[in-house]
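A.B. asks: Can you read through this structure? Questions will come right after.
The values are calculated or read from the model by the stated rules, or taken from the named source; none is laboratory data. Since we're looking at a predicted model, the values are computed, not measured. Using ideal geometry, Cβ is built from the backbone for each residue, glycine included, and neighbour counts are taken over all protein chains shown. Quick note on the areas: whole protein, heavy atoms, side chains included, nothing else; ligands and nucleic acids left out. Shrake-Rupley method; radii C 1.70, N 1.55, O 1.52, S 1.80 Å.
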Amino acid sequence: RGEADVCIGDALVFIDDIACDDMTFDQVMTILANSADPIKLTFRRDTSLVAVRFTQNGVAIAVPPGTPLKQVGALCRAKIQYSCSSGDCATCEQTIQAEDAGVRYVRPCVARVPKGS
């Protein structure tokens, strides 16, 4: 995935050339603490998920297409104010960046995660 965001829910599978997908958290932390700089981390993400990053706080999460953005915002701890909950007032309008869709304005009270590429 190159320089893509690391998302909530991604799985760490390699630290440099060491497979770590079956290791405990403590084992992974020991390897990280004893690794030389820089280290290469390799992550795995379910290919059916779409990565969404709230530009407001930079938090990214991978979720299924069609997930309500209000729910995604809560999971990302984005501070979103809601008023009408119908999309008419624009109080909740946010910018998001979805894979291959660029930055766009959405109203999380009514919007859903778009399909990925």
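A.B. asks: Considering only segment 63-88, state which residues are at pLDDT 90 or above and in contact with a Gly (Cβ under 9 Å, 6 or more places away or on another chain).
C.D. replies: Answer for segment 63-88, where residues must be at pLDDT 90 or above and in contact with a Gly (Cβ under 9 Å, 6 or more places away or on another chain): 63, 65.
A.B. asks: If you don't mind, another one. Any idea which residue in segment 40-59 is modelled with the lowest pLDDT, counting only those that are open to solvent by 80 Å² or more (accessible area, probe 1.4 Å) and under 30 Å from residue 92 (Cα atoms)?
C.D. replies: Here the answer is 56.
A.B. asks: Give me the strands (runs of 3 or more DSSP E) completely within segment 10-111, filtered to those with at least 1 residues that are in contact (Cβ under 8 Å) with a residue 40 or more places away in the chain and among the charged types (D, E, K, R), ordered by residue number.
C.D. replies: So the answer is 50-54.
A.B. asks: On to the next question. What is the residue count in segment 60-84 for residues that are surrounded by 13 or more Cβ atoms within 10 Å (Cβ to Cβ) and either touching a Pro at 6+ places or on another chain (Cβ under 7 Å) or over 18 Å from residue 114 (Cα atoms) (or both)?
C.D. replies: Result for segment 60-84: 8.
A.B. asks: Here's a follow-up. Could you figure out which of (1) in contact with a Pro (Cβ under 8 Å, 6 or more places away or on another chain); (2) within 22 Å of residue 11 (Cβ to Cβ); (3) of a type outside the set (Gly, Ala, Ser) isn't true of residue 115?
C.D. replies: Failing condition for residue 115: (2).
A.B. asks: Which one is farthest from residue 53 (Cα to Cα) among residues in segment 63-103 that are in contact with a strand residue (DSSP E or B) (Cβ under 7 Å, 6 or more places away or on another chain) and small (Gly, Ala, Ser)?
C.D. replies: Filtering first and then ranking leaves 66.
A.B. asks: Criterion first (open to solvent by 40 Å² or more (accessible area, probe 1.4 Å), charged (D, E, K, R), at pLDDT below 90 and closer than 30 Å to residue 79 by Cβ) does residue 5 satisfy it?
C.D. replies: So residue 5 fits the description; yes.
A.B. asks: Sticking with this one: Suppose we filter 16, 37, 88 for residues that are open to solvent by 70 Å² or more (accessible area, probe 1.4 Å) and farther than 26 Å from residue 106 by Cβ; which single one remains?
C.D. replies: 37
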